[in-house]
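Take a look at the structure set out below.
The values are calculated or read from the model by the stated rules, or taken from the named source; none is laboratory data. The structure displayed is predicted, hence computed values, not measured ones. Virtual Cβ from ideal backbone geometry, glycine too; neighbours counted across all protein chains shown.
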Amino acid sequence: MSRLIFMNDRIVPEHEARVSVFDHGLLYGDGVFEGLRSYSGRVFRLDAHLDRLWASAKAICLTIPLSKEVVAQAVNDTLAANNLVDGYVRLIVTRGVGSLGLDPNRTRDPQVIVIADTIALYPKEHYEKGLRIVTAATQRVQSAALSPRIKSLNYLNNIMAKLEGLQAGCVEALMLNHKGEVAECTGDNIFVVRGGRLLTPPPDAGILEGITRNAVMELAHAAGIDCREATLTRHDLYTADECFLTGTAAEVIPVVDIDGRLIGSGVPGPITARLTRDFHALVRG
Ligand code: PMP
């Protein structure tokens, strides 16, 4: 099926949606992106995704050539053009065409691209039985080297860890920061339940501050579940009562085994189930 793609100022057929081989997005991974989802025809937390995109762009001194209002409209128009009611949106801003050198000042025409597609979830069984994950030897990149809060087109750090997970037969892998503390998974944030309290690493552990993560923290507060950011070690994970991951694509997914240790009794727990239900109600609400 050929899709319709938004490119800068209009929607074009997929075969016309082309980027130059001189675009620094391709040459250096120099650009930023967002992954969004629409539920029943409404994009979940569109403003938060746009704010994060603009923050990522600001951090790399990239001026997005369109306003937030125009990009929001482009996201909705691209979903509509592809007849998608429940869909996944990839919003990309590249640095644009330049010389072969790194210099971003010698580039022009950042490309603003919106791709809308159906969403390929993890198999249903993973949501029912929970995931098995392993810790990757690849550490999350240090904030002093490159802030993980920038959602950039350079995802090799995460891909290296994802490869380790896949080689161990897992669809996700846990990443630690340079201090050996729990950061996040390759494309998802992590939560644990310990003694009825919900815990998740703080942004300065070296994570992307997930929009699903923030929504789940709000839902926990609303449900009267004590939820806080905390520095976590692998020991805290191994000895947790429950564990789950959050992300736009994955939504809320239980984890029942980490590095061969069963979490709790090895089945998804009640707080995970409660927050999963609340999350589904929220996104369709
Ligand atoms: N961490 C990383 C590294 C990610 O790529 C993502 C997916 N964007 C997340 C966490 C989850 O963020 P969100 O809930 O905003 O999708």
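Observations on the structure shown:
- The single condition among (1) within 16 Å of the ligand (Cβ to nearest atom); (2) over 17 Å from G180 (Cα atoms); (3) out of contact with any helix residue (DSSP H, G or I) (no Cβ under 8 Å at 6 or more places or on another chain) that V216 does not satisfy is (3).
- Subset of the range 17-29 (residues that are in contact with a Leu (Cβ under 7 Å, 6 or more places away or on another chain) and either surrounded by fewer than 15 Cβ atoms within 10 Å (Cβ to Cβ) or not aliphatic (A, V, I, L, M) (or both)): G25, Y28, G29
- The range 172-188, residues that are within 13 Å of the chain's Cα centre (by Cα) and buried (at least 24 other Cβ atoms within 10 Å of the Cβ): E172, E184, C185, T186, D188
- Qualifying positions in the range 171-189 - touching an Asp or Glu at 6+ places or on another chain (Cβ under 9 Å) and either within 9 Å of the ligand (Cβ to nearest atom) or farther than 27 Å from L53 by Cβ (or both): M175, C185, T186, G187, D188, N189
- Per-region count, the range 14-56, residues without any contact (Cβ under 8 Å) to a residue 24 or more places away in the chain, touching a Lys or Arg at 6+ places or on another chain (Cβ under 8 Å) and away from the ligand (no atom under 16 Å from the Cβ): 1
- When D204, D86 are checked against the criterion of being surrounded by fewer than 19 Cβ atoms within 10 Å (Cβ to Cβ), more than 12 Å from the ligand (Cβ to nearest atom) and not assigned by TED's automatic domain parsing to the domain that holds G266, D86 stands alone in meeting it.
- Residue count for the range 219-250, restricted to those that are more than 9 Å from the ligand (Cβ to nearest atom) and either free of Cβ contacts under 8 Å to residues at least 12 places away in the same chain or not small (G, A, S) (or both): 21
- Evaluated against (1) within 14 Å of the ligand (Cβ to nearest atom); (2) over 28 Å from S38 (Cα atoms), G210 falls short on exactly one condition, (2).
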